[in-house]
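Structure first, commentary second.
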Amino acid sequence: MTDNDTTPQDPSATAAASQLFAYAPAPESRAVVDLAPSYGLFVDGEFREAAAGKVFKTLSPATEEVLAEVAHAGEEDVEAAVRAARAAFGPWSALPGTERAKYLFRIARVIQERSRELAVLETLDNGKPIRESRDADLPLVAAHFFYYAGWADKLSWAGLGPDPRPLGVAAQVIPWNFPLLMLAWKIAPALAAGNTVVLKPAETTPLSALFFADICRQAGLPKGVVNIVTGDGATGAALVAHPDVNKVAFTGSTAVGRQIARTVAGTDKRLTLELGGKGANIVFEDAPLDQAVEGIVGGIFFNQGQVCCAGSRLLVQESVHDEVLDALKRRLATLRVGDPLDKNTDVGAINSAEQLARITELADAGEAEGAARWSAPCALPSEGYWFAPTVFTDVSQAHRIAREEIFGPVLSVLTFRTPDEAVAKANNTPYGLSAGIWTEKGSRILKMANRLRAGVVWANTFNKFDPTSPFGGYKESGYGREGGRHGLEAYLEHA
Amino acid sequence: MSTPETSRGRLAVLKTYKLYVGGKFPRSESGRVYEVTDGKGQWLANAPLASRKDARDAVVAARKAFGGWSGATAYNRGQILYRIAEMLEGRREQFAAEVAAAEGLSKAKAQAATDAAIDRWVWYAGWSDKLAQVVGGANPVAGPFFNLSTPEPTGVVAVLAPQRSSLLGLVSVLAPVLVGGNTAVVVTSRDAPLPALSLAEVLATSDLPGGVVGVLSGDTAEIARPLAAHQDVNAIDLAGAEGGLAAELEAAAAENLKRVLRPTAGPADWTADPGLERMTAFLETKTVWHPVGA
Amino acid sequence: MPTDAAPRDAGRGTLPDVTSSDAALRRFLHGLPGVDAVGLEARAAALGTRSIKTSAKAYALDLAISMIDLTTLEGADTPGKVRSLCAKGASPDPGDRTAPRVAAICVYPDMAATAKRALADAGADEVKVASVATAFPAGRAALSVKLADTREAVAAGADEIDMVIDRGAFLSGRYLQVFEEIREVKQSCGDAHLKVIFENGELATYDNIRRASWLAMLAGADFIKTSTGKVAVNATPPNTLLMLEAVRDFRTSTGRQVGVKPAGGIRTAKDAIKYLVLVNETAGGDWLSPDWFRFGASSLLNDLLMQRQKLTTGRYSGPDYVTVD
């Protein structure tokens, strides 16, 4: 402070200060994960090759490196897995709840013990930043098993009658965006309620489920209670269609959800679906703006926007539109896109070439339809699948980018003038999974929440998850709830 | 369990049993001890004979710990309670031996009681983040109002542990008080205090913050009277009050309207499904109203 | 920076409309966007997980040392103590002349002259003398006393004045009184720079801290400072992040840049680097200089020096290898 002139310093000097302070790469060690060259299916407590001997490769989306070969389950394998689950169902469901609880507590503890290994594995196979797999996915996975462990011996308190009964064999098909967390959401309540499961992980992210199989072994879980069949859409379809399955649980796209609903039509199978979304994040002029900007960023760029409940539509009140957009762009310029294993990375790789193509196509359509495209200034790696955080302004309800789920780091900005208009625009979609409200006025939060047709409404926060809190959609975002006491209902019969 | 000699003629090192107050293991402030014997009258140990001042110190520590324990997330409390079960399991043999000596049980029966006590901790640990979902909820009031009721802990609870079931009974009265977020001052069984004093060692090594539980051994009535009358104690569980003591303590507790859980009529069956009663007895219900409008 | 001495600043960095009356000022301050505490704290915590390594770390350690207002504010302070602190500030690591000097030595007004002389004797004229004033730390004195306190500190050689606001007036809503008091102290500073201390722990809410930040900046503060170091809650990552947002937004609105000084409770190199991350990612690189960011600290310096030695030698250092002053 030698001079009391208060103009900002010479820009070249301050740019130099920022550069000197540029964070050096801080990669998390890959050494904590011991990857085998190939993995089999986990059926009846053992790893085995697919009956037809088929395999597929799983890649690291950040580098396109082949991580491992994985068995590709066919109908015969699905048959074996369902048979194993059926055989295990009797003894498992007959165990006292206290004993099932203790198995689940063991699994939760082993997940906690191995959480760094699993976080690195998840980041390798999925492309998500290690900061998220380490600080969000894995703690939630362990917490989910803890929570449902506690329910296993308290089912009579779940509000489903004095003696609710398990359904039997659950066929569970999960997506690639939160591989292990979606596994936890499916397996923990199913097992707590006394069901046995056959789970099919996504084709592009099979590894953490197979590591979970090893955790079941360490926990001493009886064989056949959990079976993992890896493969593609055909594997999932065979599992869902299997006649000896009592329950189907699916998380994924609305299109596939519709197919599954048709498949189980006319059977006794119980079905829960957690599907797509086009969440509206509504920012009022009296919002806590700095936190709202963080919430917008977290709402759409968390997990590269590959989140079914992402706040992909920003509805901002016209009076603060410019202020919010300026702050948002300034903030997005600080996002660090790159190596997912770097602890400083905020935005990682898109999960697959196919998904990248889908995002690219929709973003191009947005531009073609006349919306204004802005991308954060960031260098993208040359290998792997990447998409820069992108914001579209001047978006109207008619644009594809305002209607279709992009499932990528692309935010569409729309405006509103009154609460009624915000509600009308937010609800004007076939989806109904999530919504966000930003205002300091409590009564407005509650009124808006009442009127929004969405299964989860976040106020002055976004993308919050907890095992005690039910999650699921209205309308074409699916039916049934996962998490909380309500999540048990999907796996129990009233009695 | 203290046997004076080991099988190979080596002289055993005996444990000095101490009180547990504020996360530390003091001797009684009074300097007194009393003789604890097994069912056959054989000497087991000298237990501290806690005084009213020890009771006062334990209440101060429990009050100090209340903010942190009640303010912890339910998930966090559940993790800690489950950790206690893990540590108990690790000392299963020790507890089974202490229970056998304390209650005059066969090895198998003492083992079964110990196992049941561990499983009960696990059962209660699981309640921490479910209680509000079962006993709380949204109320559909007739008006534009959000209305939500949630349970909250009462505060500092004095717990008179059952006189006969030295571990299973103790766990069955202590865990439900803790799971809701209360802190506790436990008065052990008079004649069978050793499992409780050993349990304190488990609590001290399970990430449970100091002061959340105080454990006092000695004459039940002598310690319970000041606790029942204490103005900074919010509730009292009279499970271990026998004869006319329960009524006397309940009357004393009326002064600051302590919540009182009376002892069962006749001998208690600690192996039965406990239900919610021992948890809800020490919970308040808080209802929040908020207008709903644009 | 009195306005008559620096006419180029007249009207700059001020919003005359909003300070025309108590009512106008209140409306303005209460019209600032609210702060959601959970979101603010989550953001500060997330930035705290940034990992700083190798060359960036070496740069950050030296930058942090150069930003320290090396402080002694004890009733037991003596000229000997102050001289020894000045020697330390002038030459933090006697074994390594490449270690930078601190930004300033921060003392009570009656020690300002001693500090000034000691720094001159050490050939460390570029190290500033900062003096607390205005009846620090409580600020409970008549305005005339506070102004006299300020003038005497400046006369004794203080280059910078760290004043405390009247928290009582602020909390009871007499914003214009606080505003005027800061303006008058600023005038009494002459050429000395003014840092305005809020005592965030007493303001208690984040909304209050945001309002106090704008109030002080409007009144002419060169720096806004979290706390005195004398109460239970001093600088925290969230309250500092909030003040960094305020100086960022104030520059956007008025064109005037104001510095930030967290003080109290920052003891380790790891903590200091977390604060630099907050600066870098919130206000930006323009603030990454001792001209715009300071640490009010005492024991922090030795931890920074030990970390610096670790980077140089590859071995963990210990308290026997840094000087105790």
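Please treat every number below as a calculation from the coordinates, not as lab data. All values derive from a computational prediction rather than experimental measurement. Here Cβ is always computed from backbone atoms with ideal geometry, including for glycine, and neighbour counts include all displayed protein chains.
Across the range C:35-127, the convex hull enclosing all Cα atoms gives 151 Å³ per residue. Using only side-chain charges placed at the Cβ, +1 for Lys and Arg and -1 for Asp and Glu, the dipole size of chain A relative to its Cα centre rounds to 1680 debye. Would you tally the net charge around C:ALA104, using a Cβ to Cβ cut-off of less than 9 Å, leaving C:ALA104 out, and scoring K and R as +1, D and E as -1? Result for the local shell: -1.
So what's the angle, to the nearest 10 degrees on a 0 to 90 scale, between helix A:115-126 and the longest Cα principal axis of chain A? For helix A:115-126, the angle is close to 70 degrees. Rounded to the nearest 20, the Cβ-based charge dipole of the range B:33-291 about its Cα centre (Lys and Arg +1, Asp and Glu -1) stands at 360 debye. With a simple spin-label model that places each label point 7 Å from the Cα along the Cα-to-Cβ direction, the separation between A:GLU75 and A:ARG262 comes to 1.9 nm.
Positive-end ranking of B:LEU203, B:VAL185, C:ALA130 along the dipole of the protein assembly as shown, with charges on Cβ about the Cα centre, is headed by B:VAL185. List the residues of the range B:50-66 whose backbone N lies under 17 Å from a point placed 7 Å from the Cα of B:ASN256 along the Cα-to-Cβ direction. The answer is B:52-66.
In whole angstrom, the protein assembly as shown maps to an equivalent ellipsoid with semi-axes of 52, 43, 29, each derived as √(5λ) from the alpha carbon gyration tensor and ordered largest first. Projecting the Cα atoms of C:PRO238, C:THR252, C:PRO319 onto the dipole axis of the range C:29-321, where Lys and Arg carry +1 and Asp and Glu carry -1 at the beta carbon, places C:PRO319 farthest toward the positive end. What FRET efficiency do you get for C:ASP17 and A:ALA36 if R0 is 51 Å and r is their Cβ-Cβ distance, rounded to the nearest 0.05? Efficiency, rounded to the nearest 0.05: 0.15. Could you tell me how many degrees, from 0 to 90 and to the nearest 10, lie between the Cα long axis of helix C:37-47 and the main elongation axis, the longest principal axis, of the Cα atoms of chain C? Relative to chain C, helix C:37-47 is tipped by roughly 30 degrees. For a quick check: sort C:MET67, B:MET87 by the number of other beta carbons within 10 angstrom, fewest at the front. The most exposed by this proxy come first: B:MET87, C:MET67.
Under a 5 Å amide H cut-off, with hydrogens placed 1.01 Å from N, A:LYS54 pairs with A:HIS72 among residues at least 5 apart or on other chains. Phi angles of the range A:82-88 translate, via the Karplus equation with coefficients 6.51, -1.76, 1.60 and θ = phi - 60°, into HN-Hα couplings of 5, 4, 5, 5, 4, 5, 7 Hz per residue; Gly and Pro are given as x. Prolate is the label for chain B, because the ratio a/c of its alpha-carbon gyration tensor axes (a ≥ b ≥ c) is 1.5 or higher and a/b is greater than b/c. Amide H to amide H distances under 5 Å link A:TRP386 with A:ILE350, where only residues 5 or more positions off or on other chains count and H is placed in the peptide plane.
Amide H to amide H, with H built 1.01 Å from N, C:THR71 comes under 5 Å of C:CYS106, C:ALA297, C:SER298, counting only residues 5 or more places away or on other chains. Contact order, relative form, for chain A: 18 percent (alpha carbon pairs under 8 Å, 6 or more residues apart, mean separation divided by residue count). Computed from label points 7 Å out along Cα-Cβ, the spacing between C:ASP191 and A:ASP232 is 7.9 nm. When the charge dipole of chain A is built from unit charges on Cβ atoms (+1 for Lys and Arg, -1 for Asp and Glu) and taken about the Cα centre, the candidate among A:SER208, A:GLN317, A:GLY168 whose Cα reaches farthest toward its positive end is A:GLY168. The convex hull of the Cα atoms of chain A, projected and averaged over all directions, covers 25.2 nm². Ranked for footprinting exposure by Cβ neighbours inside 10 Å, fewest first, A:TYR147, C:TYR59 give C:TYR59, A:TYR147. Measuring nothing but how far apart in sequence close Cα pairs (under 8 Å, 6+ apart) lie, relative to its length, the range A:224-382 scores a relative contact order of 16 percent.
Each peptide in A:199-205, A:364-370, A:381-387 was scored by the mean count of other Cβ atoms within 10 Å over its residues; highest first, the order is A:199-205, A:381-387, A:364-370. By the count of other C-beta atoms within 10 Å, a proxy for reagent exposure, B:THR188, C:THR72, A:THR267, A:THR58 are ordered fewest to most as A:THR267, C:THR72, A:THR58, B:THR188.
Considering helices alone, the calculated mean residue ellipticity of chain A at 222 nm is -11500 deg cm²/dmol, with DSSP H runs of length four and up weighted by -39500 (n - 2.57) and normalised per residue.
Work out which GluC sites (Glu not before Pro) in chain C are exposed loop sites (DSSP not H, G, I, E or B, at most 13 other Cβ within 10 Å) and give the longest gap free of them. Formally, the longest exposed-site-free interval is C:127-325. Simple point charges give the picture: +1 on the Cβ of Lys and Arg, -1 on the Cβ of Asp and Glu, and for the protein assembly as shown a dipole about the Cα centre of about 1540 debye. Within the range B:33-291, DSSP assigns beta bridges of which about 50% are antiparallel (rounded to the nearest 5). Taking the longest Cα principal axis of chain A as reference, the axis of helix A:207-218 is set at about 50 degrees. Modelled label positions at A:LYS223 and B:ARG92, each set 7 Å beyond Cα in the direction of Cβ, lie 2.4 nm from each other. On the beta carbon distance between C:TYR321 and C:ASP77, with R0 = 41 Å, the FRET formula returns roughly 0.95. Whole-Hz Karplus values for the range C:57-66 come out as 5, 4, 5, 5, 5, 5, 4, 5, 4, 6 Hz, taken residue by residue from phi with 6.51 cos²θ - 1.76 cosθ + 1.60 and θ = phi - 60°; glycine and proline positions read x. Spatially, the range A:42-119 and the range C:253-298 are offset by 50 Å when compared through their Cα centroids. Sequentially through the range C:126-134, phi angles give Karplus couplings (6.51, -1.76, 1.60; θ = phi - 60°) of 6, 7, 7, 9, 10, 10, 6, 7, 6 Hz, Gly and Pro residues having no value and appearing as x. Please report the relative contact order for chain C, taking Cα pairs under 8 Å with a sequence separation of at least 6, and give it as a percent rounded to a whole number. Dividing the mean separation by the residue count of chain C yields 20 percent.
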